[in-house]
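Take a look at the structure below.
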Amino acid sequence: MQPAIATAREVLEEKIKARTARVGIIGLGYVGLPLAVEFAKAGFSVTGIDVQESKVARLNAGESYVQDVPSDALGPLLESKKFHATTDFSVVAQLDTINIAVPTPLRKTKDPDMSYIVSACQETAKYFGPGKLVILESTTYPGTTDELVLPMLERPGLKVGEHFFLCFSPERVDPGNARYQTANIPKVVGGITPACTRLGALFYCRRSRQWFR
Ligand SMILES: NC(=O)c1ccc[n+]([C@@H]2O[C@H](COP(=O)([O-])OP(=O)(O)OC[C@H]3O[C@@H](n4cnc5c(N)ncnc54)[C@H](O)[C@@H]3O)[C@@H](O)[C@H]2O)c1
């Protein structure tokens, strides 16, 4: 009897559990940078992607511009190659997980400006492929993940829940809270399919070494 071929879900699950999944964070601001640092500290290899070259250069030089991330935290992660930043979206091809944490400012009409999410997803789609988990973290309206993001990523032969996985997990930060920070604040995860939800939840459970080894 032939050995069963592992599914995309099974392969990704094992990579996340072993922390060998290559993590990408798109948007290295107040939300994305602390998240990137937490996953890197937990043992993942993390690539941060941002459109601002000056931010990428500062991070790769070990200089943080986010209060919650001391520059001292970056040096060891850069040296151990657990973290680096880039403006080049082609790295998406090598990533296993992708968190999107780009801005969604309100327009004058009070509707969120979706152009940053659209741009990030369009760039991601150019290098997208099977076996990846994508998690939208930006604050947005209900329906964004399945009505806006999903159609940009799904294509014939690349079916959500089967070949790739997609979740929404809104960022929840409580600035100044000494007890709950990026590493341990409870996250809400909603996947397009049950397999997406399970992988998303597993991923956040691995973001801190204190919780799961
Ligand atoms: N900061 C908070 O306290 C907070 C709390 C809850 C939710 N949020 C939400 O999280 C999201 C991110 O907020 P933030 O405060 O981190 O924003 P931010 O402005 O600090 O950072 C966003 C980063 O994304 C980059 N960026 C913009 N377009 C990009 C693109 N197309 N590709 C790659 N990078 C891109 C910007 O250069 C910037 O570095 C927003 O939706 C926000 O509403 C923020």
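Worth a mention:
- Within the range 189-213, the residues that satisfy the criterion of being modelled with pLDDT under 95 and assigned to a loop (DSSP other than H, G, I, E, B) are R206, R207, S208, R209, Q210, W211, F212, R213.
- Among residues of the range 38-60 being within 10 Å of the ligand (Cβ to nearest atom) and polar (S, T, N, Q), the one that is surrounded by the most Cβ atoms within 10 Å (Cβ to Cβ) is Q52.
- Filtered residues of the range 133-184 (kept if within 23 Å of D96 (Cβ to Cβ), of a type in the set (V, I, T) and touching an Asp or Glu at 6+ places or on another chain (Cβ under 8 Å)): V160, T182
- The range 97-118 - residue that is of a type in the set (A, V, I, L, M) and within 18 Å of G191 (Cα to Cα) and, of those, farthest from the ligand (Cβ to nearest atom): I98
- Of the helices (runs of 4 or more DSSP H) lying entirely inside the range 69-167, those carrying at least 2 residues that are exposed (fewer than 15 other Cβ atoms within 10 Å of the Cβ) are 71-79, 115-126.
- Single match in S208, S119 (criterion: small (G, A, S) and under 19 Å from D50 (Cα atoms)): S119
- The range 162-185: number of residues that are within 13 Å of the ligand (Cβ to nearest atom) and in contact with a helix residue (DSSP H, G or I) (Cβ under 7 Å, 6 or more places away or on another chain): 3
- Of all the criteria given as (1) of a type outside the set (G, A, S); (2) surrounded by fewer than 17 Cβ atoms within 10 Å (Cβ to Cβ); (3) within 20 Å of Y116 (Cα to Cα), the one not satisfied by T7 is (3).
- Evaluation of L35 against (1) surrounded by fewer than 22 Cβ atoms within 10 Å (Cβ to Cβ); (2) under 10 Å from the mean Cα position of the chain (by Cα) (one fails), failing number: (1)
- Restricted to the range 21-34, and to residues there that are modelled with pLDDT of 95 or more and of a type in the set (A, V, I, L, M, F, W, C), the residue that is farthest from the ligand (Cβ to nearest atom) is A21.
- Residue match in the range 60-67 (condition: of a type in the set (F, W, Y) and touching a residue at least 60 places away in the same chain (Cβ under 8 Å)): no
The values are calculated or read from the model by the stated rules, or taken from the named source; none is laboratory data. On a predicted model such as this, the values are computed, not experimentally measured, just so you know. Cβ: placed from backbone, ideal geometry, glycine included. Neighbour counts: every protein chain shown.
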